[in-house]
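The values are calculated or read from the model by the stated rules, or taken from the named source; none is laboratory data. Every value quoted in this text rests on a predicted model; they were computed, and no experiment measured them. A quick note on method: Cβ atoms are made from the backbone with ideal geometry, for glycine too, and the neighbour counts reach across all protein chains shown.
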Amino acid sequence: MSENLYQIPVKNIKGEPATLEPFKGKVLLVVNVASKCGLTPQYEGLQKLYEAKRDQGLEVLGFPANNFKEQEPGSDADIQQFCSLNYNVEFPLFSKISVVGADKHPLYQRLTAAKPDATGEGPMRERLQGFGIVANPVPEVQWNFEKFLIGRNGEVVGRFAPDVAADDERLAAAIDAELAKPA
């Protein structure tokens, strides 16, 4: 599985073909992001996490998705500008993809198959129900800002519910454990 994950075709935020190969040997936090979501302020925490841990080998990778109540309607250029101006985002962003449904991107097909259950599952699902929104069933991505942790060896080692923030102790412990492992 580890080799294939790095070879899945993606596009960078400029729309250029790319893969995750340049990040091989690093700990990756893959996050589906959106600009018009109640969780959008998580960009700030993700940027702080990236700044604090990138020298230790952490990469935060943002994948914009418009799957949830059309909360990411902009173009890739709009998204990049929004993230830069509002949250000073320096971590890598990629071109908008679909993270659920029939057109789910192969990267997210692989991630959800590898880790069907999320840490912190529950409160977000209940909040969505409170708004009259039926959350996607497991193993589908529940909402914006769901996080997948990939170890240095390319294995998906963790998955965190959308409302598990970047400074959550559970996420921090999992990242630190992976950063402590040799490449």
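More than 21 Å from ASP163 (Cα to Cα), among the aliphatic types (A, V, I, L, M) and either assigned to a loop (DSSP other than H, G, I, E, B) or out of contact with any Lys or Arg (no Cβ under 6 Å at 6 or more places or on another chain) (or both): does that describe LEU107?
So LEU107 fits the description; yes.
Return the pair list, or none, for Cβ contacts closer than 6 Å from residues in segment 98-109 that are β-branched (Val, Ile, Thr) to residues that are not in a loop (DSSP other than H, G, I, E, B), at least 6 apart or on different chains.
Every condition considered, the pairs that remain are VAL99/ASN32; VAL99/ALA65; VAL99/TYR108.
For the condition modelled with pLDDT of 95 or more, under 19 Å from ALA161 (Cα atoms), acidic (Asp, Glu) and surrounded by fewer than 20 Cβ atoms within 10 Å (Cβ to Cβ), what is the one hit in GLU44, GLU72?
So the residue among GLU44, GLU72 that is modelled with pLDDT of 95 or more, under 19 Å from ALA161 (Cα atoms), acidic (Asp, Glu) and surrounded by fewer than 20 Cβ atoms within 10 Å (Cβ to Cβ) is GLU44.
Return the residues of segment 159-170 that are among the hydrophobic types (A, V, I, L, M, F, W, C) and in contact (Cβ under 8 Å) with a residue 60 or more places away in the chain; say none if nothing qualifies.
Hits for segment 159-170 are ALA165, ALA166.
Can you spot a residue in segment 120-134 that is of a type in the set (A, V, I, L, M), within 17 Å of LEU28 (Cβ to Cβ) and within 17 Å of the chain's Cα centre (by Cα)?
No: zero hits.
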